[in-house]
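In what follows, a structure is listed as structure tokens, so that the remarks can point back to it.
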Amino acid sequence: MSWTLTVTQLNEYVRRTFAGDPILREVRLTGEISGFKKQFNGHWYFTVKDEGSRLNCVMFRTAALSVGFTPAEGDRVVLTGSVGLYVPFGSYQFTVTELKRGGQGDLYLRFEELKRRLLAEGLFDEARKKPLPLRPRVIAVVTSKTGAVIHDIARVAGRRDPSVQLILRCSLVQGEGAAADIARGIRECAAFSGADVIIVGRGGGSLEDLWAFNEEEVVRAVWECPIPIISAVGHEVDVTLCDLAADLRAATPSAAAEIAVPDRRELKRQVASYARRLESGLSGKLAGCAGRLADAEKRLTALHPKQKIRAASHLNAFLALRLENAMKNGLEKRKRRVSELDGKLTALGPRQELARGYAVVLAEGKAVTSVRGLKDRAEILMADGRAAVSIQSVKEGDPFD
């Protein structure tokens, strides 16, 4: 007898079968954490894997609260839980009720060991990183042709500067042969594309999904690339060795396009602003130069021989005037002094004495002040004339006795 089931009925039947199997009700697993996500409601979703397989897991909030740590990529853990089926999606999953540490995974340990070795060689040295060009004309993109990466980059680049040319070098980004293809793509773009910048990347994923970008040949190809290279692998939380070796790391491919392609409108605004600042600065500079030139002209005019001669002439005229005034004043002063002395001489001279009744006796043309100097004849000077006299007798002694 046969019957037709709906998808829901089949999934529900499988779920009940899993739930009814006592072996699957409480199972302990050991494996490595990958793709861990903590939802806003507190539920944990992740994958546990080993070298051969992987299993989707869910740990609900009530069970997750009892775990004393937050699992990280590559952690080796021991899980306890049950196997079930999520009916809406028909997906087989492991519902975790208990989670304990079990050490770090092999893949994570490989990542850390290679990181330490390449770091010691200087492949992540910041001093060797190249600056991006101000305005690239050609950007080469190494990524999958079927993913959203190239579309996101084209959309953002077209919005910011439609004149930028994009060159896609299709490459594997996951699985066997991906690392060699990525490294080859980087070298080809550097050698033949004429690109100003290279963007290499893919969307997010687990450590396994992104492992090609942790391979040594990819890291060395990035480090050796003569053109500035942006790594846009995964999302903000995903850090690969390719990111560390690149000249610049972008959280997403869209962010890489934002970084690589400057906004043409913003550049125009900046150029206009710089032009205004340059014009203002130049005007100020010219005004300052004109002021200094005027000052220099004034100083030069002041130092010109004609100015010195003119100044010397003015000084000479001034000094001549002062000399003339000084001479006039000196002459007047001396005239007054002569007049004063003349007046005194007149007042004290012999004429005044003669006018008062005195006389001057002259003998042989000389004034005689003693009777002893008289000879036979003498001349008497009086106020109104002279008289010649003969000496009859001489008597010495007090004339008033």
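The values are calculated or read from the model by the stated rules, or taken from the named source; none is laboratory data. Remember, it's a predicted structure, so these values are computed and weren't measured experimentally. Here the Cβ positions follow ideal geometry from the backbone for every residue, glycine too, while neighbour counts run over all protein chains shown.
Looking at the stretch 278-289, is at least one residue within 24 Å of the chain's Cα centre (by Cα) and aliphatic (A, V, I, L, M)?
yes
Exactly one of (1) within 30 Å of residue 249 (Cα to Cα); (2) modelled with pLDDT of 85 or more; (3) of a type outside the set (D, E, K, R) is unmet by residue 270. Its number?
Status for residue 270: all satisfied but (2).
Among the numbered criteria (1) modelled with pLDDT under 90; (2) not assigned by TED's automatic domain parsing to the domain that holds residue 37, which single criterion is violated by residue 116?
(1)
What about residue 276, is it farther than 29 Å from residue 112 by Cα and of a type in the set (Lys, Arg)? Please lay out each step first, then the result.
Values: farther than 29 Å from residue 112 by Cα: yes; of a type in the set (Lys, Arg): yes.
Against the criterion (farther than 29 Å from residue 112 by Cα and of a type in the set (Lys, Arg)), residue 276 qualifies.
Taking interchain pairs and intrachain pairs at least six residues apart, which have beta carbon atoms under 6 angstrom, with the first residue in the stretch 148-169 and assigned by TED's automatic domain parsing to the domain that holds residue 182 and the second assigned to a loop (DSSP other than H, G, I, E, B) and at pLDDT 90 or above?
157/164; 157/261; 160/261; 161/261; 164/261
Considering only residues that are of a type outside the set (Gly, Ala, Ser) and under 20 Å from residue 125 (Cβ atoms), which ones fall in the stretch 234-277?
239, 240, 241, 242, 243, 244, 247, 248, 249
Yes or no: residue 50 modelled with pLDDT under 85, surrounded by 13 or more Cβ atoms within 10 Å (Cβ to Cβ) and not assigned by TED's automatic domain parsing to the domain that holds residue 211?
yes
Quick grid of which residues meet (1) in contact (Cβ under 8 Å) with a residue 40 or more places away in the chain; (2) among the hydroxyl-bearing types (Ser, Thr, Tyr); (3) within 26 Å of residue 8 (Cβ to Cβ):
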{"position": "32", "(1), (2), (3)": "yes, no, no"}
{"position": "39", "(1), (2), (3)": "no, no, yes"}
{"position": "48", "(1), (2), (3)": "yes, no, no"}
{"position": "60", "(1), (2), (3)": "no, no, yes"}
{"position": "65", "(1), (2), (3)": "no, no, no"}
{"position": "70", "(1), (2), (3)": "no, yes, no"}
{"position": "75", "(1), (2), (3)": "yes, no, no"}
{"position": "107", "(1), (2), (3)": "yes, no, no"}
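Do we find a residue being closer than 30 Å to residue 183 by Cβ, at pLDDT below 95 and touching a Lys or Arg at 6+ places or on another chain (Cβ under 7 Å) anywhere in the stretch 53-64? So that I can check it myself, show each step before the final result.
Here is the first cut: in the stretch 53-64, the ones closer than 30 Å to residue 183 by Cβ are 53-54.
Checking the rest, the ones that are also at pLDDT below 95 come to 53-54.
With the extra rule that they be touching a Lys or Arg at 6+ places or on another chain (Cβ under 7 Å), the set shrinks to none.
Taking every residue of the stretch 53-64 in turn, none turns out to be closer than 30 Å to residue 183 by Cβ, at pLDDT below 95 and touching a Lys or Arg at 6+ places or on another chain (Cβ under 7 Å).
Looking only at residues in the stretch 23-39 that are basic (Lys, Arg) and part of a strand (DSSP E or B), which one is surrounded by the most Cβ atoms within 10 Å (Cβ to Cβ)?
Looking only at the stretch 23-39, we keep the residues that are basic (Lys, Arg), and these are 25, 28, 37-38.
Next, from what is left, pick out any that are part of a strand (DSSP E or B): 28, 37-38.
On the way: 28: 10, 37: 10, 38: 15.
Among residues in the stretch 23-39 that are basic (Lys, Arg) and part of a strand (DSSP E or B), the one surrounded by the most Cβ atoms within 10 Å (Cβ to Cβ) is 38.
If residue 158 satisfies all but one of (1) more than 22 Å from residue 204 (Cα to Cα); (2) touching a helix residue (DSSP H, G or I) at 6+ places or on another chain (Cβ under 6 Å); (3) not in a loop (DSSP other than H, G, I, E, B), what's the number of the condition it fails?
The number of the failed condition is (2).
Determine which member of the set 323, 362, 341 is in contact with an Asp or Glu (Cβ under 9 Å, 6 or more places away or on another chain) and surrounded by 10 or more Cβ atoms within 10 Å (Cβ to Cβ). Can you show your working first?
Details: 323 fails: in contact with an Asp or Glu (Cβ under 9 Å, 6 or more places away or on another chain); 341 fails: in contact with an Asp or Glu (Cβ under 9 Å, 6 or more places away or on another chain).
Exactly one residue qualifies, and that residue is 362.
Considering only residues that are closer than 27 Å to residue 211 by Cβ and assigned to a loop (DSSP other than H, G, I, E, B), which ones fall in the stretch 48-64?
If the condition is that a residue be closer than 27 Å to residue 211 by Cβ and assigned to a loop (DSSP other than H, G, I, E, B), then 50, 51, 52, 53 are the ones that fit.
Just to be sure before I move on: is residue 121 loosely packed, with under 14 Cβ neighbours inside 10 Å, at pLDDT 90 or above, under 18 Å from residue 232 (Cα atoms) and out of contact with any His (no Cβ under 7 Å at 6 or more places or on another chain) in the structure I sent?
Values: loosely packed, with under 14 Cβ neighbours inside 10 Å: yes; at pLDDT 90 or above: yes; under 18 Å from residue 232 (Cα atoms): no; out of contact with any His (no Cβ under 7 Å at 6 or more places or on another chain): yes.
No: the conditions fail for residue 121.
Tell me yes or no: at least one residue of the stretch 173-180 is under 22 Å from residue 255 (Cα atoms) and small (Gly, Ala, Ser).
No, the stretch 173-180 contains no residue that is under 22 Å from residue 255 (Cα atoms) and small (Gly, Ala, Ser).
Could you grab me the full set of residues in the stretch 88-118 that are over 20 Å from residue 47 (Cβ atoms) and touching a helix residue (DSSP H, G or I) at 6+ places or on another chain (Cβ under 8 Å)?
114, 115, 118
Only one of 124, 89 is assigned to a loop (DSSP other than H, G, I, E, B), on the phi < 0 side of the Ramachandran plot, outside the structural domain of residue 27 (by TED's automatic domain parsing) and not aliphatic (A, V, I, L, M). Can you tell me which?
Of the residues listed, the single one that is assigned to a loop (DSSP other than H, G, I, E, B), on the phi < 0 side of the Ramachandran plot, outside the structural domain of residue 27 (by TED's automatic domain parsing) and not aliphatic (A, V, I, L, M) is 124.
Can you name the number of the only condition in (1) more than 15 Å from residue 93 (Cβ to Cβ); (2) of a type in the set (Phe, Trp, Tyr); (3) assigned to a strand (DSSP E or B) that residue 45 fails?
(1)
For residues in the stretch 65-84 being outside any loop (DSSP other than H, G, I, E, B) and closer than 14 Å to residue 106 by Cβ, which is modelled with the highest pLDDT?
It comes out as 77.
Can you give me the number of residues within the stretch 251-268 that are in contact (Cβ under 8 Å) with a residue 40 or more places away in the chain and over 25 Å from the mean Cα position of the chain (by Cα)?
Number satisfying all stated conditions: 5.
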